[in-house]
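Chemist: So that we are looking at the same thing, I have put the structure below in structure tokens.
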Amino acid sequence: MKKLVVPSSIQTIQDELFFADAFLFGVKNLSVHFEHTYSLDELKSVINSLNKQGKEVFLSCNKNYDRNDLEKLDEVLKEIELLPVTGVFFYDLSVLEYVQEKYPNITLVWDQEHMTTNYFSANFYERQGVKGISLSTNLTLKEIIEIKDKTNMFCIAPLFGYYPMFESKRHLVKNYLETFSLEDHHGHYKLEKEGKTYPIMDHKFGTTVYTSVPLNAMKESKVLKDHGIDYLLFQEQLLDHDLFIEILKCYEQYLNRGEEKWIRKIDQLLEGKYDLGFLYKETIYRVKKNG
């Protein structure tokens, strides 16, 4: 089992090297849900440096593309195929098509957020040549284990951090502020609802609403490790850097020793402000009868 970290920026990774086995970076203009994204020219030296230190590197091309993106996407994938990266996260099926037709040496990771929820779909994508799956934050612990047991893909399970609840290609907040001539806070906003505060990012490609508190599944991390999950995913975005480093230290100690004191320590660090997402909340859909 490896720890995959999404750093807030390339400047912070030096502090995280001891606690991470792999890093994930967003490719500029081709990815979403990253605090900072980078061109391949900016990432090449970082990739080589991390490889020399025994770390894996993943890149993300997880934007929902339109036809104006395709030429740039093609150029970037051509260049990525020559880089020593472990895999490329994708959302849009244009990435899969390009890789199948032109860049077969790229290892793909299916990353369709709220759709990576079952092993039937995972096995379909495996037959298309996809090697990995980034599991949805909507899954229960039981479902994560079931997918790992019933697919040959390597599985990446979200374990810690703020995660997107909602994404729109429209600039919802910016449009609202302009309509009512309200103050603009440069893309960073908060929504207060039912006693909870939800971070909102109005970015270049639209609007993203994040969870009100970070996911923190320390106790479950050992369960997932014991069931052979390949990667545990840690997100730094929206967190203080020093706090995030302390969080990684706690997970490192707990995964190695299993001592309960590290669960208490992380609870203190986060002041009890975290939750377990859907890990113990089954979603049941009832089909309405006709008539």
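Chemist: Quick check, is Phe34 outside the structural domain of His188 (by TED's automatic domain parsing), without any contact (Cβ under 8 Å) to a residue 60 or more places away in the chain and crowded, with 20+ Cβ neighbours inside 10 Å?
Modeler: no
Chemist: Which of the residues that make up the stretch 135-144 are in a loop (DSSP other than H, G, I, E, B), in contact (Cβ under 8 Å) with a residue 40 or more places away in the chain and either farther than 23 Å from Phe23 by Cβ or not polar (S, T, N, Q) (or both)?
Modeler: Asn138, Leu139, Thr140
To keep it simple, each residue is scored yes or no on (1) touching a Ser or Thr at 6+ places or on another chain (Cβ under 7 Å); (2) under 30 Å from Leu17 (Cβ atoms).
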site: Glu56; (1), (2): yes, yes
site: Tyr65; (1), (2): yes, no
site: Leu93; (1), (2): no, no
site: Gln100; (1), (2): no, no
site: Asn105; (1), (2): no, yes
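Chemist: Which condition from (1) touching a Lys or Arg at 6+ places or on another chain (Cβ under 7 Å); (2) under 13 Å from Cys155 (Cα atoms); (3) of a type outside the set (Gly, Ala, Ser) is the one that Thr116 breaks?
Modeler: (1)
Chemist: Does the stretch 82-116 hold any residues that are at pLDDT below 95 and either among the acidic types (Asp, Glu) or in contact with an Asp or Glu (Cβ under 8 Å, 6 or more places away or on another chain) (or both), and which are they?
Modeler: Glu113
Chemist: In addition: Hey, among the residues in the stretch 86-108 that are hydroxyl-bearing (Ser, Thr, Tyr) and in a loop (DSSP other than H, G, I, E, B), which one's nearest to Val6 (Cα to Cα)?
Modeler: So the residue we want is Thr86.
Chemist: Can you spot a residue in the stretch 140-147 that is under 30 Å from Lys44 (Cβ atoms) and crowded, with 23+ Cβ neighbours inside 10 Å?
Modeler: no
Chemist: Please give the number of the condition Glu282 fails out of (1) surrounded by 11 or more Cβ atoms within 10 Å (Cβ to Cβ); (2) of a type in the set (Asp, Glu); (3) modelled with pLDDT under 95.
Modeler: Of everything listed in (1) surrounded by 11 or more Cβ atoms within 10 Å (Cβ to Cβ); (2) of a type in the set (Asp, Glu); (3) modelled with pLDDT under 95, Glu282 misses just condition (1).
Chemist: So, of the residues in the stretch 109-134 that are more than 19 Å from Asp149 (Cα to Cα) and in a helix (DSSP H, G or I), which turns out to be nearest to the chain's Cα centre (by Cα)?
Modeler: Filtering first and then ranking leaves Glu113.
One line per residue, one yes/no per condition, for (1) over 17 Å from Val6 (Cα atoms); (2) in contact (Cβ under 8 Å) with a residue 12 or more places away in the chain:
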| residue | (1), (2) |
| --- | --- |
| Glu192 | yes, no |
| Thr207 | yes, yes |
| Leu243 | no, yes |
| Glu246 | no, yes |
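The values are calculated or read from the model by the stated rules, or taken from the named source; none is laboratory data. Here the structure is a predicted model, which is why all the values come from computation and not from measurement. FYI the Cβ positions are ideal-geometry reconstructions off the backbone, even for glycines, and counts take in every protein chain you see.
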